Amino acid sequence: MTPLRIGIIGTGNMGQEHARRLAGVPGAALVAVADVNVEQAKRVAEAAGARALADSHELIGSDAVEAVLIASPSDTHEEFTQACIAAGKPMFCEKPLAPTADACLRVLAAETAQPRRLVQVGFMRRYDDDFRALKQTLDSGQLGRALLLHCRHRNPDSLPGFTSDMMITDSMVHDIDMTRWLLGQEVTAASVFQPRSSSLAPEGLLDPQLVLLETAEGVVVDVESFVNCQYGYDIRYELVGETGTASLGETAGVHVRQRGRHHGRVPASYQERFGSAYQRELRAWVAGACSGELTGPSTWDGYATTAVAEACVQALHEGCRATVALADRPAFYA
Ligand code: ISE
């Protein structure tokens with residue numbers, strides 16, 4: 001089988017990480033990278049044996065590129081996803097699909113106007129073993145119906161320029177996606193509570209935040225987002241059902257009990273915690289792009305998640321309970 005010829009747009013952290021991961025994906029060949037920062041693009045291209053381009057549209061239009069991985073800043077995603085759809089090329093788009101729900105709907109309109117799915121969105125937790133096991137446990141029916149979901153999402157520290165809104169749109173979007181995917185229900189309302197902020201968070205950052213999501217069938221989900229927790233990258237979930245609970249993340253790897261103490265490792269970063277999940281999501285995307293059947297997170301998932309994130313940001317700013325009114329889900333995404 002000839003490998004799928006892939007071009008990457010955006011060579012910041014995520015673009016570089018995906019470029020390295022693609023080297024380990026069977027059937028994938030990175031042939032081009034594009035970035036407005038040409039020097040950076042050249043460095044990444046050289047390491048991968050690919051071509052560097054300054055113009056992302058040239059990459060999308062190139063006959064040498066069959067599929068595109070978009071890892072540029074979120075405010076460019078709509079432009080590049082639309083260009084890939086117009087060129088009929090399958091793409092992997094890092095989250096968020098686009099910064100606003102309206103922009104996501106425009107991408108959805110373009111995708112559904114042609115015959116098959118072309119977009120996979122980068123919600124990698126769906127490929128994590130623990131999250132998959134949590135979903136299987138709930139879907140097996142052994143816990144009865146889900147009633148509550150408790151989510152903790154902690155980063156050791158935030159990058160310069162990280163804002164209170166980005167704690168929702170960049171970080172908590174994963175928990176919004178997990179809520180929808182685990183429970184198989186859409187979110188209908190969101191409220192945000194602000195405890196006092198950590199003195200170790202950058203000036204002005206409302207950190208931590210506590211978000212309450214309500215779902216269509218009455219499950220209540222609390223999400224703690226704390227991006228300057230200092231001690232590690234800590235993701236913990238507990239699902240409460242009618243007859244039992246299921247949880248993940250209490251321990252990672254080996255947990256040691258010795259001399260009256262117990263200890264284990266807290267992952268240092270999301271790259272460490274979700275390294276295998278990132279690798280699997282790319283394998284799934286490449287396999288789907290080759291077969292013409294993308295099965296990963298869709299444009300609908302990207303849209304619904306951004307719509308909920310928008311409601312959370314509104315709730316944060318206005319101190320209200322914001323409702324989420326989604327468009328009708330096209331049969332295209334059944
Ligand atoms: C980051 O962008 C990610 O995607 C990580 O998965 C998330 O945990 C982190 O909070 C985000 O900033």
Within 24 Å of Tyr270 (Cα to Cα), among the hydrophobic types (A, V, I, L, M, F, W, C) and open to solvent by 20 Å² or more (accessible area, probe 1.4 Å): does that describe Ala23?
-> yes
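Given the residues Tyr278, Tyr270, Tyr237, which is the only one that is closer than 24 Å to Ile176 by Cβ, in contact with a Phe, Trp or Tyr (Cβ under 9 Å, 6 or more places away or on another chain) and open to solvent by 60 Å² or more (accessible area, probe 1.4 Å)?
Every option except Tyr270 fails the conditions.
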Output for region 2-17, where each listed residue is surrounded by fewer than 15 Cβ atoms within 10 Å (Cβ to Cβ) and closer than 16 Å to Val31 by Cβ = Thr2
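What about Leu97, is it buried (at least 18 other Cβ atoms within 10 Å of the Cβ) and more than 22 Å from Thr295 (Cβ to Cβ)?
no
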Restricted to region 250-292, and to residues that are out of contact with any helix residue (DSSP H, G or I) (no Cβ under 9 Å at 6 or more places or on another chain) and within 30 Å of Phe332 (Cα to Cα), which residue is nearest to the ligand (Cβ to nearest atom)?
-> Trp285
Of (1) of a type in the set (A, V, I, L, M, F, W, C); (2) open to solvent by less than 20 Å² (accessible area, probe 1.4 Å); (3) in contact with a Leu (Cβ under 8 Å, 6 or more places away or on another chain); (4) within 24 Å of Gln271 (Cβ to Cβ), Ala29 satisfies all except one. Which?
-> (2)
For region 68-94, what are the residues that are charged (D, E, K, R) and either crowded, with 20+ Cβ neighbours inside 10 Å or more than 16 Å from the ligand (Cβ to nearest atom) (or both)?
-> Glu78, Glu79, Lys89, Glu94
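The values are calculated or read from the model by the stated rules, or taken from the named source; none is laboratory data. None of these values were measured; they are calculated from a predicted model. Quick reminder, even Gly has a Cβ in these numbers, built from the backbone with ideal geometry, and neighbours come from all protein chains shown. Heads up: the accessible areas ignore ligands, DNA and RNA and are worked out on the full protein's heavy atoms, side chains in. Shrake-Rupley method; radii C 1.70, N 1.55, O 1.52, S 1.80 Å.
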